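Just below is one structure, and these are the notes that go with it.
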Amino acid sequence: MAKLVVKFQDVIIKEQPLDKESVTIGRKEENDLCLDNMAISGHHARIDRTKDIYTLVDLKSTNGTFVNGKRVASAVLKPNDWITIGKHILYFKEG
């Protein structure tokens, strides 16, 4: 199963399994992955799964969502891609 490894200031703070068809990321507690940082929008991004393809979608966040250093509206994730949301880095891992 795919997962996100969440780092803040080079420290792993969480591992989030991508075990649903859609996983939401944001500052508000109702998100599947809640990241408490003022640079992160309440509903910042979402990862959608279609079979074995994972697509990251920015939810019109204020500060943007980045994959491997490039701002994206959406992107298909590949193993070891890194997502930057606020000051958090999320590593996409499969298996």
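At a probe radius of 1.4 angstrom, the accessible area of the chain per residue rounds to 59 square angstrom. When only C-alpha pairs under 8 Å and at least 6 residues apart count, what is the relative contact order of the chain, in percent? That works out to 26 percent. Taken over the chain, the percentage of Cα pairs per 5 Å bin, counting from 0 up to the bin with the maximum distance, is 3, 15, 28, 31, 18, 5, 0.
The share of accessible area on region 1-69 that comes from carbon and sulfur is 48 percent, using a 1.4 angstrom probe.
The phi torsions of region 54-66, fed into the Karplus equation with coefficients 6.51, -1.76 and 1.60 and a -60° offset, translate into couplings of 10, 10, 8, 10, 6, 9, 6, 5, 5, 9, x, 10, 10 Hz, rounded to whole numbers, with Gly and Pro shown as x. Counting only lysines at least 8 places from Lys7 when in the same chain, those with an alpha carbon closer than 19 Å to its own are Lys28, Lys70, Lys78, Lys87, Lys93. Each label was represented as a point 7 Å from its Cα along the Cα-to-Cβ direction; for Thr50 and Val76 these points are 0.9 nm apart.
The values are calculated or read from the model by the stated rules, or taken from the named source; none is laboratory data. If you're wondering where the values come from, they're calculated on a predicted model, not measured in any experiment. Virtual Cβ from ideal backbone geometry, glycine too; neighbours counted across all protein chains shown. In case anyone asks, the SASA skips ligands and DNA or RNA and just uses the protein heavy atoms, side chains included. Shrake-Rupley method; radii C 1.70, N 1.55, O 1.52, S 1.80 Å.
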